[in-house]
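Shown next, in structure tokens, is the structure this report addresses.
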Amino acid sequence: MIEWKHMDRTKVEAFREKFVGFASGATTIGLLAVADRSGLSAYLGEHESGTAEEIAEGASLEARYTREILSGLAAAGVVEYDADTGVFTLPPEHALFLSSDASPYFMGGWLDMLPLVMSQIEGVATATVHGGGVGFEEFGPGFIKGIDRGNGPSQRVFLIKKWLPAVTGLIDRLDEGIRVADVGCGSGTAAVLIAEAFPNAEVFGFDVSSDSIAVARSRSENLANLEFHDYTVEEIPTEPGFDLITSFDVIHDLADPMAALGHIREALRTAGVYLMMEPDASSYLENNLHDRGALLYGISALHCMTQSLARDGAGLGAAWGTETAERMADEAGFSSFEKLDAITNSFSAFYVLRP
Ligand SMILES: C[S@@+](CC[C@H](N)C(=O)[O-])C[C@H]1O[C@@H](n2cnc3c(N)ncnc32)[C@H](O)[C@@H]1O
């Protein structure tokens with residue numbers, strides 16, 4: 001029996017508040033997912049303010065649901081509420097995250113992925129007791145869409161204008177026409193953007209998921225300089241080699257990340273460059289003890305790590321971090337490893353590796 005009566009009451013109450021914060025965060029994500037799917041967030045992005053009834057009518061939604069959802073979002077600080085007029089307002093600064101995937105801050109992908117990772121709790125609990133994991137396919141086609149809605153918006157705004165130019169000399173070489181591979185390309189957004197921006201480049205997208213490759217192919221029918229193949233990283237041809245290889249949020253998901261890095265190194269031409277985007281974290285837990293760290297380890301245990309372990313993989317985890325990335329790059333035979341601090345965004349780190 002826990003002797004709760006003799007415990008530090010202040011600490012007990014502080015943890016109660018913290019737990020309420022976890023629970024309300026989870027329900028707020030649920031409400032935001034409903035607002036995303038029902039069109040409420042998109043409507044608020046365009047119209048900003050209204051009473052619950054006006055918003056329900058304008059967005060063609062049921063009034064009772066609209067009021068309850070807006071009330072929850074007001075209590076959570078997502079929308080503002082004026083008690084005198086009954087008007088709810090989504091500030092434009094918040095709409096950036098919720099209303100349109102044209103914004104690089106758009107978080108709609110999280111609203112697809114988080115409910116799906118929560119739906120696999122039973123499987124992860126079973127694996128925690130017996131080993132193994134929950135396979136990538138178990139998360140369903142909605143997860144592929146969520147990854148694309150999660151990573152696509154910032155790729156569309158920053159990949160060509162900010163991320164690629166951060167690698168010295170790369171834009172000139174892309175303009176001249178080099179061979180490019182995006183590994184673990186998912187639904188193909190990054191590969192399509194590169195092929196469109198650099199018509200002289202020969203671009204290839206590779207991903208083990210044939211469902212993702214099917215989406216990618218449907219987006220690239222008019223691009224003569226782009227091909228997609230459902231190859232694992234290790235199946236990517238090493239001859240005639242590539243001048244630029246990219247991967248966006250891929251290496252930590254792999255069953256054998258060490259072999260993959262070695263293969264990428266082999267597939268790079270002598271003057272080639274590998275641009276790797278991964279979650280921005282330290283390899284040491286003590287440096288990740290904050291909300292973003294909690295999010296990263298959480299999504300890792302509930303998706304990234306478990307889907308790797310489901311394939312008898314390494315289960316590297318989303319928080320493998322810069323120090324481990326540098327060590328593994330060295331072991332894979334790369335001669336240089338650089339973190340591009342200038343383009344690190346709030347979630348991701350960018351590394352440049354050279355053979
Ligand atoms: C988090 S997603 C990132 C997708 C894409 N790069 C993006 O930014 O939207 C990781 C991708 O790695 C792919 N993947 C996992 N294991 C793979 C392997 N062994 N070879 C190739 N791709 C793999 C998955 O199918 C998935 O599309």
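Values in this text are rule-based calculations from the coordinates and carry no lab data. What you see is a predicted model, and the numbers here were worked out from it, not measured in a lab. Cβ: placed from backbone, ideal geometry, glycine included. Neighbour counts: every protein chain shown.
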Karplus-derived 3J(HN,Hα), 6.51/-1.76/1.60, for each residue of the range 51-61, Hz, glycine and proline x | 6, 4, 5, 4, 5, 4, 5, x, 8, 6, 10
Nonlocal amide H pairs with Cys185, under 5 Å, H built at 1.01 Å = Phe206, Asp207
Cα-based helix-to-principal-axis angle, 257-267 vs the chain, degrees rounded to 10 = 40
Set the Förster distance to 56 Å, then compute FRET efficiency between Arg269 and Val129 from the Cβ-Cβ distance, nearest 0.05.
-> 0.75
Rounded to the nearest 500 deg cm²/dmol, what is the calculated helix-only ellipticity per residue at 222 nm for the chain, with -39500 (n - 2.57) per DSSP H run of length n ≥ 4?
-> -14000 deg cm²/dmol
Asn287 and Thr168 label points (each 7 Å along its Cα→Cβ direction) are spaced in nm at 2.4
Where labels lie 7 Å past Cα in the beta-carbon direction, separation of Tyr65 and Ser24 in nm = 2.4
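Rounded to the nearest 5, what is the percent of antiparallel bridges among the DSSP beta bridges in the range 115-354? Please list the in-between numbers first.
Working: 10 of 29 bridges.
The antiparallel fraction comes to roughly 35 percent.
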Would you mind calculating the relative contact order of the range 115-354 from Cα pairs under 8 angstrom and at least 6 residues apart, reporting the percent as a whole number?
-> 19
In whole angstrom, how far apart do the alpha carbon centroids of the range 285-355 and the range 160-190 sit?
-> 21
Taking the mean number of other Cβ atoms within 10 Å as a proxy for protection, how do you rank 219-225, 313-319, 133-139 from highest to lowest?
-> 313-319, 133-139, 219-225
Taking alpha-carbon centroids only, the range 214-252 lies from the range 91-107 a number of Å equal to 29
What is the calculated FRET efficiency for Glu13 to Ala214, with r their C-beta to C-beta distance and R₀ = 45 Å, to the nearest 0.05?
-> 0.30
Tabulate in residue order the Karplus-calculated ³J(HN,Hα) for the range 93-107, using 6.51 cos²θ - 1.76 cosθ + 1.60 with θ = phi - 60°, rounded to whole Hz; enter x for Gly and Pro.
-> 5, 7, 4, 3, 8, 10, 9, 8, 7, 6, 8, x, 8, 4, 10
Taking H placed 1.01 Å from N in the peptide plane, check which residues at least 5 places from Ala201 or on another chain put their amide H under 5 Å from its amide H.
-> Ile178
